[in-house]
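These notes concern the structure reproduced below.
The values are calculated or read from the model by the stated rules, or taken from the named source; none is laboratory data. What you are looking at is a predicted structure, and each value in this text was computed from that prediction instead of being measured. All Cβ positions, even for glycine, are placed from backbone atoms using ideal geometry, and neighbour counts span all protein chains on display. Heads up: the accessible areas ignore ligands, DNA and RNA and are worked out on the full protein's heavy atoms, side chains in. Shrake-Rupley method; radii C 1.70, N 1.55, O 1.52, S 1.80 Å.
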Amino acid sequence: MGPDYPFGEWLRAHTLNAQGVEHLIRAWTQPGFGADPDQLSLLFVLHYIACSGNETTVGTFERNSDTAGGAQESRFVGGSQRVPLELAKRLGRRVALRAPVTRIAHVDGGVRVHTRRGVVKARRVIVAAPPKQVLGIDFAPGLPAGRRALLQQLQMGRLMKCDAVYDKPFWRDQGLTGFGISDNGAVRAAFDNHVADTGHGVLLAFVGGSTWAQYGTRSLAERRAAVLQGFASMFGEKALRPIEYAEHDWTRERWTGGGPTAIYAPGVMTTHGHHIRTPFRRIHWAGTETSTYWTGYMDGAVRSGERAAAEVLEKR
Ligand SMILES: Cc1cc2nc3c(=O)[nH]c(=O)nc-3n(C[C@H](O)[C@H](O)[C@H](O)COP(=O)(O)OP(=O)(O)OC[C@H]3O[C@@H](n4cnc5c(N)ncnc54)[C@H](O)[C@@H]3O)c2cc1C
């Protein structure tokens, strides 16, 4: 049997204290994929880890999961949305907002891209929408069967972020980092989400995969109570009394349909995965899922745009 079978199955077959290790790994897959080990193909997880590097540094589990020296090390002051906002500023009027693409048709020597705000003619087009959203576009001629099958079988992860704001980061007084993982309750992975210039403390919980299925579907009040209880079990009773609580559920996002990325269930990668970057006539594909480094991350999204742009330039 090749490695395109459930990651959870592999974990249980190859680890001592399999149950404990699976709990531990779930605290990585739920925030990292919005999924549990049994929903993920082992081959996909290996690919994801191998992608956590670059042209000169090999990808490792540590680079993917660690804070110091790993993917969680740096934050954007002002939030990561500054990246697209700054880029949009430079592009000016070429950025069309509130213009979802509904149809892409090949015409003589080019493409016509239909949006709610009009039609754009171009020689080539790069589509960077997440897989499920691509399926919502009417392509003429229709997409090849292999690509359609891939898009149909890729699922978005299920993930939400829950933040509790406190007067100050009280956990630091006890020498605690604000990072925690747990094998039960609503908070399986917590981070210190402190914003430097306010002085307030913020604890962040990722609620993903089966934990999302359990708590993401509850009322706000029930989920808030469960999340605060989770923080309290890690950092003490003070966590039960935030001055504010906020949350965001990516499964409700119309234009992404979940997050942090699309996931491959067992069997999908070996059957259809090779279609992920193959251009279809004058249509090229970008988006983090198409990247060979840091797929699933913003870095991968940027790299995919550079690769697709190079493809287009080569064809001119
Ligand atoms: C909770 C959470 C935490 C994360 N944390 C991190 C992190 O710490 N570090 C990190 O690097 N990454 C993180 N990510 C992942 C990161 O957000 C993604 O990898 C990145 O946003 C992918 O970029 P993208 O351009 O491929 O897709 P997206 O950012 O999803 O952009 C796709 C765009 O396509 C648009 N679109 C969809 N359909 C259409 C249509 N029909 N017409 C026109 N436009 C359309 C959407 O509106 C959207 O703007 C996180 C994600 C989530 C959900």
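Order these peptides, 251-263, 49-61, by their mean beta-carbon neighbour count within 10 angstrom, highest first. Can you show the working numbers first?
On the way: 251-263: 18.5, 49-61: 14.3.
Result, highest mean first: 251-263, 49-61.
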Suppose every K and R has +1 on its Cβ and every D and E has -1 on its Cβ; what is the size of the dipole of region 160-252 about the Cα centre, in Debye to the nearest 20?
180 debye
Ranked highest first by average number of other Cβ atoms within 10 Å, how do 221-230, 306-315 line up?
221-230, 306-315
Helix 298-315 sits off the longest principal axis of the Cα atoms of the chain, rounded to the nearest 10 on a 0 to 90 degree scale, by 10 degrees
Step through the residues of region 251-263 one at a time and calculate ³J(HN,Hα) from phi using the Karplus curve (6.51 cos²θ - 1.76 cosθ + 1.60, θ = phi - 60°), rounding each to whole Hz and writing x for Gly and Pro.
5, 8, 6, 4, 9, 10, x, x, x, x, 7, 7, 10
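What does the net charge come to around Ala186 if you take all other residues with beta carbon closer than 10 Å to its beta carbon, with K and R at +1 and D and E at -1?
On the way: positive: Arg188, Arg218, Arg223, Arg224; negative: Glu222.
Here the count lands on +3.
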Could you work out the helix-only [θ] at 222 nm for the chain, with each DSSP H run of four or more residues adding -39,500 (n - 2.57) and the total divided by the number of residues, to the nearest 500 deg cm²/dmol?
-10000 deg cm²/dmol
Accessible area in square angstrom per residue, the chain, 1.4 angstrom probe:
53 Å²
Tell me, how many Å apart are the Cα centres for region 1-77 and for region 130-146?
29 Å
Residue-level accessible surface for Tyr166, protein heavy atoms, 1.4 Å, Å²
10 Å²
Expected vector for region 194-206, Karplus 3J(HN,Hα) from phi with 6.51, -1.76, 1.60 and θ = phi - 60°, integer Hz, x for Gly and Pro, equals 3, 9, 3, 8, 9, x, 6, x, 10, 9, 10, 10, 8
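Relative to the Cα centre, what is the charge dipole magnitude of the chain, using +1 at the beta carbon of each Lys and Arg, -1 at the beta carbon of each Asp and Glu, and rounding to the nearest 20 debye? Display every interim value, and only then the final one.
Numbers: 39 positive and 29 negative charges, 404 e Å.
It works out to roughly 1940 debye.
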Skipping prolines and chain starts, which residues have an amide H placed within reach, meaning under 5 Å, of the one on Thr115, given they are 5 or more residues away or on another chain?
Thr102, Val120
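Of all accessible surface on region 163-316 at a 1.4 Å probe, what whole percent is carbon and sulfur?
Taking all protein chains in place, region 163-316 shows 54 percent carbon and sulfur surface.
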